[in-house]
Amino acid sequence: MARLVMKFGGTSVGDMDRIRNVARHVQREVNAGYEVAVVVSAMAGKTNELVGWVKDGSKLYDAREYDAVVASGEQVTSGLLAIVLQEMGIPARSWQGWQIPIETSDAHGSARVTAVDGTRLLDGFNTHHEVAVIAGFQGIHPPTGRLTTLGRGGSDTSAVAIAAAIGAERCDIYTDVDGVYTTDPRIVSKARRLERVAFEEMLEMASMGAKVLQVRSVELAMVHRVPTYVRSSFDDPANPGLGTLICDEEDIVEQQIITGIAYSKDEAQITLRRVADKPGVAAAIFMPLAEANINVDMIIQVVSDNSTATDITFTVPAAEYERARTLLETAKAEIGFDRLEGATDVVKVSAIGIGMRSHAGVAAKAFKALAEKGINIRAITTSEIKFSVLIDEAYTELAVRTLHSLYGLDHAA
Ligand code: ASP
Ligand code: MG
């Protein structure tokens with residue numbers, strides 16, 4: 001029999017009525033003949049509340065106990081959905097991460113899935129003909145036997161990992177939007193729902209700020225080639241609408257050059273003025289940042305005219321800005337620079353599309369269009385299937401709209 005994973009996010013299980021609605025979606029797929037594993041998040045707002053309590057308890061809390069607390073939200077919804085399914089006459093049972101088990105690293109608070117054993121779930125299908133309702137977001141680190149959680153938004157990753165482990169035909173991610181859009185519909189009214197997106201593109205879109213899926217879930221879907229369908233839990237369970245299929249690029253018939261425009265305000269810019277222009281200086285700057293686990297993204301180095309000094313600009317996550325500043329100021333004498341300038345009112349706007357591989361001048365077109373709108377570009381990075389520009393945050397909407405139209409992504413009317 002074909003197997004299906006269905007994942008429901010926090011708003012989709014926000015109260016008992018929403019949980020009953022989820023059960024009807026599950027019922028439809030069971031009636032269609034699927035063996036179903038459902039992965040649920042905690043009720044909307046629950047995880048935030050739990051995190052708040054932990055932080056109230058201690059500023060320097062024990063991350064293992066953090067996991068023990070925040071994993072509980074999913075325990076509740078998995079049990080409740082199993083009860084509601086049973087009430088509808090559908091055999092079902094709940095599963096905690098450790099019962100399956102979903103094995104993870106011991107990076108408490110953002111653990112990585114290392115292995116998922118599908119045997120017990122398959123046994124549940126074969127011998128009990130029951131729906132498996134799985135608590136998302138959580139796992140176990142076997143050497144210590146401790147509960148772990150997979151980082152915020154981690155239920156997406158649970159779902160894809162389960163789909164790979166049980167050889168599911170598809171992983172359906174039910175959420176409060178009906179798919180992946182060409183850009184954020186809240187700022188571009190002409191944004192369109194995409195029918196299909198390639199794994200590689202979705203990975204870039206998620207990494208570049210599109211918030212539909214946890215980045216790791218997309219990585220996992222790509223590695224295991226799990227077709228992942230993003231769709232709305234607000235659809236009529238008896239007659240659901242369409243969503244967006246994340247799939248192999250070979251399965252995309254009409255390939256655009258650019259598939260989507262993403263933006264991230266979670267960036268900060270640091271510029272070091274008059275850095276000594278000599279071998280080893282880049283290492284002197286970036287090694288300490290790497291050792292402090294600060295992710296550097298865009299880097300540009302300007303060759304200054306007197307050739308003894310240069311300017312280096314780069315970006316770090318906004319949350320790491322103060323830490324990065326302090327580190328660099330402390331190492332100022334060692335690195336040898338004049339002064340540090342920083343900005344947090346910046347945004348990174350990215351255009352993503354596998355079509356960029358086979359077309360020249362795609363980014364150049366954007367630079368021109370942005371210049372015509374008077375938008376100054378502070379930094380640029382490019383890769384095979386995307387380019388990003390760092391600009392003033394005030395121009396976010398204008399820049400996103402401009403690129404969205406430029407690449408023909410606006411919907412017709
Ligand atoms: N409940 C967890 C969170 O809010 C996991 C998830 O919803 O995916 O981050
Ligand atoms: Mg989510």
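Comparing SER232, SER388, SER105 in a Gaussian network model of the chain (Cα springs below 10 Å), the most mobile by mean-square fluctuation is SER105. With semi-axes defined as the square roots of five times the eigenvalues of the C-alpha gyration tensor, the equivalent ellipsoid of the chain measures 42, 27, 17 Å, largest first. When the alpha carbon coordinates of segment 221-326 are projected onto the principal axes, the ranges are 69, 30, 25 Å, largest first. Values of log10 I(q)/I(0) for segment 286-413 across q = 0.11, 0.23 Å⁻¹ run -0.49, -1.38, by the Debye formula with one identical scatterer at each alpha carbon and no solvent.
In a simple Cβ point-charge model (Lys, Arg +1; Asp, Glu -1; nothing else charged), segment 79-146 has a dipole of about 120 debye relative to its Cα centre. To the nearest ten degrees, helix 72-87 and the longest principal axis of the Cα atoms of the chain are 30 degrees apart.
Highest-first packing order for the peptide set 61-74, 196-209 is 196-209, 61-74, based on the mean count of other beta carbon atoms within 10 Å. Please give the helix 281-291 orientation as an angle from the longest Cα principal axis of the chain, in degrees from 0 to 90, rounded to the nearest 10. On a 0 to 90 degree scale, this one is about 20.
Entry note, the chain: the mean residue ellipticity at 222 nm calculated from DSSP H runs of n ≥ 4, each adding -39500 (n - 2.57), is -10000 deg cm²/dmol after division by the residues and rounding to the nearest 500. Mean projected area of the convex hull spanned by the Cα atoms of segment 154-217, taken over all viewing directions: 4.7 nm².
Within the set of other residues whose C-beta is less than 13 Å from the C-beta of THR271, count the net charge using Lys and Arg as +1 and Asp and Glu as -1.
On the way: positive: ARG273, ARG274, ARG325, ARG339, ARG378; negative: ASP311, ASP338, GLU341.
With Lys, Arg at +1 and Asp, Glu at -1, the neighbours total +2.
Computed from Cα positions, the angle between helix 362-372 and the longest principal axis of the chain comes to roughly 60 degrees. The ellipsoid that matches the Cα gyration tensor of segment 16-128 has semi-axes, each √(5λ) in whole angstrom, of 29, 19, 9, with the longest given first.
Dipole of the chain, Cα-centred, from +1 at each Lys and Arg C-beta and -1 at each Asp and Glu C-beta, to the nearest 20 debye?
Numbers: 41 positive and 54 negative charges, 64 e Å.
Charge dipole of the chain: 300 debye, to the nearest 20.
Classify segment 212-253 from the C-alpha gyration tensor, please: rounded if a/c falls under 1.5, else prolate or oblate depending on whether a/b exceeds b/c. Note, shape of segment 212-253 comes out oblate. Ranked by the mean number of other Cβ atoms within 10 Å of their residues, highest first, the peptides 43-50, 330-337 come out as 43-50, 330-337. The Cβ shell under 15 Å around ALA343 holds other residues with a net charge of -4, Lys and Arg each +1, Asp and Glu each -1.
Filter the GluC sites (Glu not before Pro) in segment 205-274 down to the DSSP loop ones having no more than 16 other Cβ atoms within 10 Å, then list what survives. Each step should come with its number before you reach the end.
Working: sites: GLU219, GLU249, GLU250, GLU254, GLU267; in loops: GLU254.
Sparse-neighbourhood loop GluC sites (Glu not before Pro): GLU254.
Go ahead and set up a Gaussian network model of the chain, Cα springs under 10 Å, then flag whichever of GLU169, GLU320, GLU341 fluctuates most. Fluctuation is largest for GLU341. A simple count of charges around LYS46, restricted to other residues whose Cβ falls under 14 Å of its Cβ and scoring Lys, Arg +1 and Asp, Glu -1, yields -1.
How do the peptides 273-280, 255-262 rank, highest first, by the average count of neighbouring beta carbon atoms within 10 Å per residue?
On the way: 273-280: 14.0, 255-262: 22.8.
Order by mean packing, descending: 255-262, 273-280.
Here segment 200-320 is assigned +1 on the Cβ of each Lys and Arg and -1 on the Cβ of each Asp and Glu. Its dipole about the Cα centre then comes out at about 540 debye.
For segment 76-199, what does the alpha-carbon gyration tensor say about shape, rounded, prolate or oblate, given a ≥ b ≥ c as the root eigenvalues, a/c under 1.5 as rounded, and a/b over b/c as prolate? Don't skip to the answer; put the middle values down first.
Details: a/c = 2.02, a/b = 1.36, b/c = 1.48.
Oblate, because a/c is 1.5 or more while a/b does not exceed b/c.
Under the classification rounded if a/c is under 1.5, otherwise prolate if a/b is larger than b/c and oblate if not, where does segment 1-66 fall, given a ≥ b ≥ c as square roots of the Cα gyration tensor eigenvalues?
Numbers: a/c = 6.18, a/b = 2.36, b/c = 2.62.
Judged from the Cα gyration tensor, segment 1-66 comes out oblate (a/c at least 1.5, b/c at or above a/b).
A simple spin-label model places the labels of SER383 and ASN48 3.0 nm from each other, with each point 7 Å out along Cα-to-Cβ. Considering only THR119, ALA191, ILE173, the residue lying farthest towards the positive end of the dipole of the chain is ALA191, judged by Cα position with unit charges set on Cβ.
Readers should treat all values here as calculations from the given coordinates under stated rules, not as data from a laboratory. Computed from a predicted model, the values in this text were never measured in an experiment. Note: ideal-geometry Cβ built from the backbone for every residue, glycine included; neighbour counts use all protein chains shown.
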